[in-house]
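Remarks on the structure that follows.
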Amino acid sequence: MASRRGGEQYIRDGRVTVNGRLADVPGVKVDPANDDVRVDGAPVRAARKIYAAFHKPCGCICSRRDERGRPTVYRFLPKEWQSVVSVGRLDFQSEGLLFFTNDGQFALRLTHPRHGVRKKYVATVEGRVERSMLQQLVRGVGHQGQTLRAERAELLQASDACSAVELELGEGKNREVRRMFETQGLVVKRLQRTQIGKIKLGDLKPGRWRMLTETEIKTLLEKT
């Protein structure tokens, strides 16, 4: 119906009732499942919670709008999902698993560093990656005043032309994987996020989304 501030104004104007009684004090607690909340006599219902997994393609940004006119991930989502936000981000050139929700507590649980929700990435890197480099990434590297560190790093394949590395991260600093390899003098050609918590990208196609199951949501909210 309104923002929190707008809702408070509705209450001050005497437009809100709870179970038939005027709600004249902001902050009245209600049970959305059982209480009858009305504005100007019309019933108000809690918004349906949305929890979706999405395969972000390369070549789009995670903002709803872009001053440079670049495509955004929201072009792939249903138009009625006006209230959803991305849980974390992937940069323009990166692809892979991304969540969308209108549940702020869910988003915070997955993005705040104190919860340490692990995320897996597969990076295709120009040139040969040595195992000693991966050991360094696990120990931690410095970049632009920050310490970047992988929880785990595994070499999937290596050649003089390119290498594939699977990384597991516990935080999620801006462009973290690309910056980690920059410290080793290497450039990431392709970066895909393959897993968040216990939820895998699987066979979800680029630009497609699916709703998370109740079991998956509970798994993501479990304390680690």
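No value in this document is a laboratory result; all are computed from the given coordinates. Everything numeric here is computed off the predicted structure, so don't read it as measured data. Backbone-built Cβ (ideal geometry, glycine too); neighbour counts: all protein chains shown.
Annotations
- Once C-alpha pairs closer than 8 Å and six or more residues apart are averaged by separation and normalised to the residue number of the chain, the relative contact order reads 21 percent.
- Computed over the chain, the per-residue total of -39500 (n - 2.57) for DSSP H runs of n ≥ 4 gives a 222 nm mean residue ellipticity of -5000 deg cm²/dmol, rounded to 500.
- Option label - Rg and Dmax of the Cα atoms in Å computed here, alternatives (i) 22.0, 74; (ii) 16.7, 53; (iii) 18.1, 57: (i)
- Legend: distances between Cα atoms for K120/K205; K79/K200; K79/K120; K56/K198; K119/K205; K56/K189; pairs beyond 24 Å are K79/K200; K79/K120.
- Of the complete DSSP H runs in the chain, none spans 18 angstrom or more by Cα along the long axis with a mean Kyte-Doolittle score not below -1.0.
- Other residues within the sphere of radius under 9 Å centred on the Cβ of V188, judged by their own Cβ, net out at +1 (K and R +1, D and E -1).
- Computed lengthening from D66 to V28, 0.36 nm per intervening residue step minus Cα-Cα distance: 9.8 nm
- Top of R109, R179, R15 by mean-square fluctuation, Gaussian network on the chain, Cα under 10 Å: R15
- Annotation: extensible slack from T194 through K49 equals 49.8 nm (criterion: 0.36 nm per residue apart, minus Cα-Cα distance).
- Burial ordering of W209, W81, fewest other beta-carbon atoms within 10 Å first: W81, W209
- Point-to-point label distance, E130-H115, nm (Cα→Cβ direction, 7 Å offset): 4.0 nm
- Least to most buried among F54, F106 (fewest other Cβ within 10 Å first): F106, F54
- Placing a pseudo-label 7 Å from each Cα along the Cα-to-Cβ vector at D35 and Q157 gives an inter-label distance of 5.9 nm.
- Computed about the Cα centre, the dipole magnitude for the chain is approximately 160 debye when only Lys and Arg (+1) and Asp and Glu (-1) carry charge, each at its Cβ.
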